[in-house]
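Have a look at the structure below before the remarks.
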Amino acid sequence: DVGRIVIEQAMREKRESWAKDMLFFFNFSMREVETSETPRFLADLLRHYDIRSEEIVAEITEREAVRDMGTVQAFARDMVDLGVRLAVDDFGSGFSSFIYLRFFDCYFAKIEGSLVRDITRSGRSRMIVENMVKLLHGLSVEVVAECVESREVVEVLRRAGVRYGQGYYLGKPSRSPRSGD
């Protein structure tokens, strides 16, 4: 229930002027992925708040998805049918990362933060990230780097072709600009 409350509040705020051109990413737990109610709930909110589906990104974590690929594939199809983009979170955290790319189309892959955090100190991490980016771009998947915590990391990521990132260097979590929230 908490997940639905958060999603609905975010959808309400998505209509505000400050959020008009932003993508909103929502993490979905395996419990939410497994129920057929989730796509209907999302479709109803998109209609109710008159939000373009391509501005919404449904995230599933790699670790969760590995448990039941069939269920994740069905969820991915439902999201594509809605026009919602799909992201694999913590990409590279497990042994099966690249398997996902065979079974469903994702729009974004969010590279596991522990790999990103080390790219300025570890040649191995840098090589892994650079090659993941090449592969993902070759498959037309946008890359988001997690744990971007310094200018040096940003520079290495840019040279590798990463256009999107999240982390304290880029911005700290904050409250909604709406008054009273």
Q. For P39, what is the net charge nearby, where nearby means another residue's Cβ is under 12 Å from its Cβ and Lys, Arg count +1, Asp, Glu -1?
A. -4
**Q.** Solvent-accessible area per residue, Å², over the stretch 106-178 with all protein chains present [probe radius 1.4 Å]
**A.** 61 Å²
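Percentage of Cα-Cα pair distances in the chain greater than 23 Å, rounded to whole percent?
45 percent
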(Q) Once each part is reduced to its C-alpha centroid, what is the distance from the stretch 27-50 to the stretch 101-147 in angstrom? (A) 27 Å
Q. Quick one: with all protein chains in place, what share of the accessible area of the chain is carbon or sulfur, to the nearest percent (1.4 Å probe)?
A. 48 percent
**Q.** Selected from G161, G123, G70 as most flexible by GNM, with the chain as the system and alpha-carbon contacts under 10 Å
**A.** G123
Q) Considering the dipole of the stretch 32-163 built from charges on the beta carbon (Lys and Arg +1, Asp and Glu -1) around the Cα centre, which of I51, G138, V80 is farthest to its positive end? A) G138
Q: State, as an integer percentage, the relative contact order of the chain based on alpha-carbon contacts under 8 Å between residues 6 or more apart.
A: 14 percent
Q. Rounded if a/c is under 1.5, else prolate if a/b is larger than b/c, else oblate: which is the stretch 12-80, with a ≥ b ≥ c the root eigenvalues of its Cα gyration tensor?
A. prolate
Q | the chain - charge dipole about Cα centre, Lys and Arg +1 at Cβ, Asp and Glu -1, debye rounded to 20 | A | 560 debye
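The values are calculated or read from the model by the stated rules, or taken from the named source; none is laboratory data. This one's a predicted model, so the numbers in the text were calculated from it and none came from an experiment. Here Cβ is always computed from backbone atoms with ideal geometry, including for glycine, and neighbour counts include all displayed protein chains. When the accessible area is computed, the model is the full protein with side chains, heavy atoms only, and any ligands, DNA or RNA have been set aside. Shrake-Rupley method; radii C 1.70, N 1.55, O 1.52, S 1.80 Å.
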